[in-house]
Amino acid sequence: MRFTGERFIPTEEGKIQLEHYHRYAVVRDLVAGKHVLDVACGEGYGSSMLAEVAVAVTGVDISSEAVLHAEATYVKPNLTYLEGSATALPFADASFDMVVSFETIEHLAGQVEMVAELRRVLRPEGMLVISSPNRPVYSEESGEHNEFHVKELDFAEFDALLKAQFPAVRYLGQRMLMGSMIQPLSSGPDALRAWHMEAGTIQNGSGLMQDPVYFLAICAASENLLPETGVGMTSFVHPGKQDLIKQYVGFAKWAKAQDEAVAERDGHIRRMQHDAEEHLDFIKTLQARQAECEQQLQSQVGTIANLNSEMLSQRQLLADRDSVLLQLRERLAERDEGLALMRGLHDKIDSDAQAVTATHNARILERLRSSDDSLAHSRDQAILDLKHELEYCHQHISSLIEETVRRGEWGQRLDAEVKDARDALKQIVNTNSWRMTKPLREARRWVSAPVMQSKRYIVGAVQLAKRGYTRLPISVSTRIQHRFLLQKHLPRLFRIAADQTIGVSVEHVSTAATIEAHDFDTVARSIELPVFDAPLVSVIIPIYGKCDYTLRCLMSIAAQLPRASFEVIVVDDCSPDRSAEILQQVRGVRLLLNEKNQGFIRSCNIGAKAATGKYLYFLNNDTEVIHGWLDELLNTFHLFSNVGFVGSKLIYPDGSLQEAGGIIWKDGSAWNFGRNQNASLPVYNYAREVDYCSGASIMVPRPLFEELGGFDEHYLPAYCEDSDLALKIRDAGYSVLYQPMSVVIHHEGITSGTDTGGQGAKAYQIENSKKLFQRWKHRLAHHQENGIDVDAAKDRMAQRRVLVLEHCTPTPDQDAGSVSVFNILLLLRNMGYQVTFIPEDNFLYMSDYTTLLQRVGIEVLYHPYQNSVEQHLIESGSRYDLAFLFRPAVVQKHLQAVRKYAPQAKVLFYTHDLHYLRMLREAALQNNSDKKTAALEMKQIELAAMRAVDASILVSPAEMEVLRTDLPDQKLHVLPLILDIPGTDIPFSQRNDIVFVGGFQHPPNIDAVQHFVAEVMPRLRPLLPGIRFFVVGSKPTAEIHALAGDDVIISGFIPDLTSYLNRMRVAVAPLRYGAGVKGKIGTAMAAGLPTVATELGAEGMGLTDGENIFVADDPQLYAEVIARLYEDESLWNHVSRSGIIFSEQAWGLAAGEANLERILNDIDLPRLAIAPK
């Protein structure tokens, strides 16, 4: 057996060994020839000693482990060991001559019952020898505390307890003493003599024992039954080879060194106190200086008043200078215009001069040919005229040049004046007057640009409020609750406050203030938890002291009540403080009190046996829960299949991460994954299968916990029981999951300590790790070596890994395309893939939608922790087996990096729809040649993407046929819609009106609604008077809102779409262009809502007109079909049922999984034989 501190074993040496053996040695002479009962015999050594002289000895102990050990270790024909309780001995009355029970009674709460039971089994002439620690010396004087002792006694209490059953009691005292020993160096029988020192002289005899540590009582029915000699004498046990003197001398030296260290520390404290006094003096000086500054400030107020008049004059000066600047700008503009005009005139003059010269030269030559005389005369005249013209031109050019020079000089003067004006303005801005007039300028902004000014002040106020908020003494749980509320109700304000960070930081904040002991009762009375008749979850909190932490834990639960029904069971394991008394005042808590200290594991099991909930939630008392703590764990059992164990994300009070699930290594040692890291990092924030989660916050189905026998007492008193349970649950075929959406603050070490080398429960961690390894080494043989390949170890249960690139995070409550993406991610997860998702266009963290993916086990990478797809591939590309790329632009942008850094990965391209086909149809409808050109360019992009990947996924067989001609050799697959199929139970009679569903960032939806309102509604109103048309979908545009009227209701985004559709009688899909399959039709059919669509709307969906859908293109026919379906209940019921059946068969999750498995098989990624549960 291993020594735990609860019972002695012979392998322990020193003081404890001498004390225990001495007690049994004292009574050996008394038991000769008698039948003896040894109560609480422990591992059996003492019973064996007594059996050497007694007729028969029976050893009894409550521990089955101790009894089995004793039976195997101490075998004598007159020696028997039995399992039993000291308060209910399994023997008849008057069965024994003598009863021995050493160091037992202090371990029991039922001490009166124990003494009565010992008297019952004694024969009338029998004797009881019993021992008990002397509380004033054993605990109070020494300051030591034995966690296994329930109630220790002083002499008066011990005497009253025994004399209630035994009239005659003789007492002996026991303690370790230091004296002088003289004995022969040769061995042999000794007659021991004793002397004692008294008043400086030596006296015969042992004297009186002062302050015994233990009492030994010999009890009988009368004095004449007590022994005459032997046991009443002083006795001594020689320590043999053990030199206790040397041990105590060593302790004394150590204590002296500690005293010196304490003295040095006290000196340091005195020096620090002196420094503090000097600092206080300095503070007083600063306060005096502050007072002077306040006086100076008052005088400055007067100065400010004097400056008001100067401010007014400066305002006028500024206005004048603004006017001057405006004039200067106008003159500069005029100068520039003049220069441009002059350049034009100059060029024209040169051109005219050249033309005139050419003309005159031609005339001269002509006249020379006709007549020399006339030519000469004409030539002379022409030359003269030409000279006059040239002279005029030169004069004109000279005047223009002079004007240009003049205007250049004027421009230079203007530049100089502008420079001077700017310098003057700079001087004005730097003056006190300018600063003093800031309120007036702010007021002018409010008048001239109120919107922009409002934004400036809002941003400034939010940032100022944020700085103040971070200094408030608010608990981390409250801060995180504020974060959720801010994200949910004021997302724009949240983005302003966040300042490029993810939510409200939980770093560097403190939790709720420590509760002072004198406030415990008041706080306990203030806590009230709801009580449910049939709670779904039983929250089990084992405690041993630390009442302030328990109260803080209960306060956090009361402040963060879950949606699920629950009960709180607190198991008090004989707390040494007033916990039991105080917690009885908390309303709504079931308080269980252990009669004796059982340890952490047994206390948890006791709480589980008392629980009534379907699920057991084990929660340490040194925790504080945060919003979603319980509901997120409970929800995980529904989000994943076959779940047997779920644990929370644990964070420290400063917001740093304590554990994101645990890793057990090959050697049986364990890691708290992510310890001391940033709790917001993506790698720690997605649900996943893990080796175990720390038992500070875990949930397990009660039937499974009971089937596996609860926490195994093999690991008593604590540690490794949670890892062992997790491994048992996985061996039973269930999953062990970490759910980061459940966040709990854990004050680590309060419950069990932090020192593995100390005396608390933490000391058992190393030993129990060895036990865990021995039990599970066959499974752990397949785990990684300690600290090697952590990335693979944390996702050990994933069979393959896939990188999914989409331009943004899916929003499945807003558009059908996002529903398909989300369900594809779930199918990949269910098929054994660990999925990493990157919103590659913006890396945006979206509080509602990013967490939606993380909650179901999808790793999402986002800003600011990840900003580059290529960088992620460089770091982690080697881990991926598959790259799943959505949309052609994503393939075009990232395929090269995927091929370069993840060459081993197969690449799938998911089209959503054929973009080019949709664009061509839009161009044809609008007769727009530019859009047609853009569509043909998109076609080349899409075809190039399909040729470059390993396989492409289309959503419609019709699109497959369109592409076969262009891509005869490429791997093309059809993966239709993947939808949840809710069905309906709302009858025809409880429905009214018609509805269109579609997001309005998609242009075909805008066109469809406009067409329906303009062409179909005028024809429908006479057929169905009072009919209303509801338009549902995210981000309706201004042109959609413009259609609103009495019978056209623009509802916009609806979070709970299924409930909304259950109010409607008919859905419409009047699409005139587009591609792919229409999610709006699938969503309506899956909800049992009959739909009327155009032929293009129903394209490629495999639907049958008149059976599970109605199809019409002509507006009049469209209105008539709606009216018929709206009024014929029998027809409506038939189409509704047919639509649900078709949806389940074609678009349900089972059909989607089969289709996706077929596609992956085609690219050599077959489903592995053993999938995780």
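The values are calculated or read from the model by the stated rules, or taken from the named source; none is laboratory data. These numbers were taken from a predicted model, which means no experiment stands behind them. Here the Cβ is made from the backbone with ideal geometry for all residues, glycine too, and neighbour counts use every protein chain on show.
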- Does region 49-72 hold any residues that are out of contact with any helix residue (DSSP H, G or I) (no Cβ under 8 Å at 6 or more places or on another chain) and part of a helix (DSSP H, G or I), and which are they? Ala51, Ser64, Glu65, Ala66, Val67, Leu68, His69, Glu71, Ala72
- Query: Does any residue of region 635-650 turn out to be in the same structural domain as Cys720 (by TED's automatic domain parsing), aromatic (Phe, Trp, Tyr) and more than 26 Å from Glu706 (Cα to Cα)?
  - Reply: no
- Cβ-Cβ under 6 Å pairs, at least 6 apart or on other chains, region 106-118 side crowded, with 22+ Cβ neighbours inside 10 Å and in a helix (DSSP H, G or I), far side among the small types (Gly, Ala, Ser) and at pLDDT 90 or above: Met114/Ala86
- Pick from Ala94, Ala56, Ala109, Ala72: which is modelled with pLDDT under 90 and more than 28 Å from Met176 (Cβ to Cβ)? Ala109
- Query: Does any residue in region 540-559 that is more than 18 Å from Leu616 (Cβ to Cβ) come within less than 7 Å, Cβ to Cβ, of a residue that is of a type in the set (Ser, Thr, Tyr) six or more places away or on a different chain, and which pairs are these?
  - Reply: Tyr544/Ser575; Gly545/Ser575; Gly545/Ser579; Cys547/Ser579; Asp548/Thr514; Thr550/Ser579; Ser556/Ser477
- Residue within region 1116-1134 that is among the charged types (D, E, K, R), within 21 Å of Lys906 (Cα to Cα), assigned to a helix (DSSP H, G or I) and out of contact with any Pro (no Cβ under 8 Å at 6 or more places or on another chain) present: no
- Is region 1139-1153 home to any residue that is of a type in the set (D, E, K, R), in a helix (DSSP H, G or I) and surrounded by 14 or more Cβ atoms within 10 Å (Cβ to Cβ)? yes
- Identify all residues within region 73-90 that are outside any loop (DSSP other than H, G, I, E, B), touching a helix residue (DSSP H, G or I) at 6+ places or on another chain (Cβ under 6 Å) and over 23 Å from Val26 (Cβ atoms); write none if there are none. Glu83
- Message: Going through Ile953, Ile941 one at a time, which residue ends up being in a strand (DSSP E or B) and among the β-branched types (Val, Ile, Thr)?
- Response: Ile953
- Query: Within region 112-155, which residues are in contact with a strand residue (DSSP E or B) (Cβ under 7 Å, 6 or more places away or on another chain) and at positive phi?
  - Reply: none
- If we ask which residues in region 513-527 are in contact (Cβ under 8 Å) with a residue 60 or more places away in the chain, under 30 Å from the mean Cα position of the chain (by Cα) and in a helix (DSSP H, G or I), their number turns out to be 1
- Query: So is Val213 touching a Phe, Trp or Tyr at 6+ places or on another chain (Cβ under 8 Å), under 28 Å from Leu153 (Cβ atoms) and modelled with pLDDT under 90 or not?
  - Reply: no
- Is one or more of the residues making up region 824-844 part of a loop (DSSP other than H, G, I, E, B), at pLDDT 95 or above and within 21 Å of the chain's Cα centre (by Cα)? no
- Task: Just give me the residues in region 1089-1102 being crowded, with 24+ Cβ neighbours inside 10 Å and not polar (S, T, N, Q), in sequence order.
- Result: Leu1089, Pro1090, Val1092, Ala1093, Gly1097, Met1101
- Query: Counting just the residues of region 1047-1080 that are within 34 Å of the chain's Cα centre (by Cα) and among the aromatic types (Phe, Trp, Tyr), which one comes out modelled with the lowest pLDDT?
  - Reply: Phe1053
- Item | Subset tally (residues that are under 14 Å from Leu727 (Cα atoms) and surrounded by fewer than 20 Cβ atoms within 10 Å (Cβ to Cβ)) for region 648-668 | 2
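Results for (1) surrounded by fewer than 20 Cβ atoms within 10 Å (Cβ to Cβ); (2) on the phi > 0 side of the Ramachandran plot; (3) modelled with pLDDT of 85 or more; (4) hydrophobic (A, V, I, L, M, F, W, C), shown as yes or no for each residue.
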site: Leu704; (1), (2), (3), (4): yes, no, yes, yes
site: His714; (1), (2), (3), (4): yes, no, yes, no
site: Tyr719; (1), (2), (3), (4): no, yes, no, no
site: His746; (1), (2), (3), (4): no, no, yes, no
site: Thr751; (1), (2), (3), (4): no, no, no, no
site: Gly760; (1), (2), (3), (4): yes, no, no, no
site: Asn768; (1), (2), (3), (4): no, no, no, no
site: Trp776; (1), (2), (3), (4): yes, no, yes, yes
site: Leu780; (1), (2), (3), (4): yes, no, yes, yes
- Query: Can you find a residue in region 1161-1170 that is part of a strand (DSSP E or B) and either surrounded by fewer than 17 Cβ atoms within 10 Å (Cβ to Cβ) or assigned by TED's automatic domain parsing to the domain that holds Phe640 (or both)?
  - Reply: no
- Note on the structure: Filter region 494-546 for residues that are exposed (fewer than 13 other Cβ atoms within 10 Å of the Cβ) and among the aliphatic types (A, V, I, L, M); the one that is modelled with the lowest pLDDT is Ala513
- Of these, Arg702, Arg675, which one is in contact with a Gly (Cβ under 8 Å, 6 or more places away or on another chain), among the charged types (D, E, K, R) and either without any contact (Cβ under 8 Å) to a residue 60 or more places away in the chain or under 25 Å from Val743 (Cβ atoms) (or both)? Arg702
- Item | helices (runs of 4 or more DSSP H) contained in region 992-1086 and holding at least 2 residues surrounded by 15 or more Cβ atoms within 10 Å (Cβ to Cβ) | 1003-1011, 1017-1023, 1057-1061, 1079-1086
- Message: Please pick out the residue among Ser680, Ser697 that is farther than 11 Å from Tyr738 by Cα, under 15 Å from the mean Cα position of the chain (by Cα) and hydroxyl-bearing (Ser, Thr, Tyr).
- Response: Ser680
